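In what follows, a single structure is set out as structure tokens and then discussed.
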Amino acid sequence: MTCRRERSAVVELSTIPGVTVIGVSTIPADRMDLATETVAEWGITGFPNIADDGEVHLRFGILGHPAAVAISAGGSLVTDVSELDVQDALNLIDRARSRDT
């Protein structure tokens, strides 16, 4: 998911019980001050945002944006590289969870 276009969906998603949201920033770790300012300016708060030097994106096969990865409690994951709304994100989470069974 992308910060600016999908911010309201991400924030809403972060308030749903049983769902944990972690934002992964493409802003380098040495510029986390900029990332912190940006998420505050855009109203993307209420969950952690981490810097990625590219390792996270590589690990999950993310080559562009928007992108979302759902990881189930059992460790199953599903990636989507399209714009998602809250229902799309919940469906992605359900797909990851269904791989655990």
Please specify each residue of segment 39-67 satisfying the condition of being closer than 15 Å to residue 9 by Cα and without any contact (Cβ under 8 Å) to a residue 40 or more places away in the chain.
39, 42, 43, 45, 46, 47
Could you list all residues from segment 1-19 that are in contact with a strand residue (DSSP E or B) (Cβ under 8 Å, 6 or more places away or on another chain) and either more than 20 Å from residue 96 (Cβ to Cβ) or aromatic (Phe, Trp, Tyr) (or both)?
3
Name the one entry in 58, 63, 13 that is loosely packed, with under 13 Cβ neighbours inside 10 Å, at pLDDT 85 or above and either under 23 Å from residue 93 (Cβ atoms) or in contact with a Leu (Cβ under 9 Å, 6 or more places away or on another chain) (or both).
58
Scan segment 11-34 for residues that are in contact (Cβ under 8 Å) with a residue 40 or more places away in the chain and not in a loop (DSSP other than H, G, I, E, B) and jot them down.
12, 13
Residue match in segment 20-37 (condition: under 12 Å from the mean Cα position of the chain (by Cα), modelled with pLDDT of 90 or more and under 18 Å from residue 6 (Cβ atoms))
yes
If a residue has to be surrounded by fewer than 16 Cβ atoms within 10 Å (Cβ to Cβ), in a helix (DSSP H, G or I) and either among the aliphatic types (A, V, I, L, M) or touching a Lys or Arg at 6+ places or on another chain (Cβ under 9 Å) (or both) to count, how many in segment 35-55 make the cut?
2
If we keep just the residues of segment 78-101 that are among the hydrophobic types (A, V, I, L, M, F, W, C) and modelled with pLDDT under 90, which is farthest from residue 27 (Cα to Cα)?
84
Residue 22 closer than 18 Å to residue 65 by Cβ, touching a strand residue (DSSP E or B) at 6+ places or on another chain (Cβ under 8 Å) and buried (at least 16 other Cβ atoms within 10 Å of the Cβ)
no
Cβ contacts < 9 Å: first residue assigned to a helix (DSSP H, G or I), restricted to segment 86-99; second residue loosely packed, with under 15 Cβ neighbours inside 10 Å and small (Gly, Ala, Ser), any location; separation 6+ or different chain. Result?
86/8; 88/82; 93/18; 96/74; 97/73; 97/74
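The values are calculated or read from the model by the stated rules, or taken from the named source; none is laboratory data. On a predicted model such as this, the values are computed, not experimentally measured, just so you know. Reconstructed Cβ throughout: ideal geometry from the backbone, glycine too, with neighbour counts over all protein chains shown.
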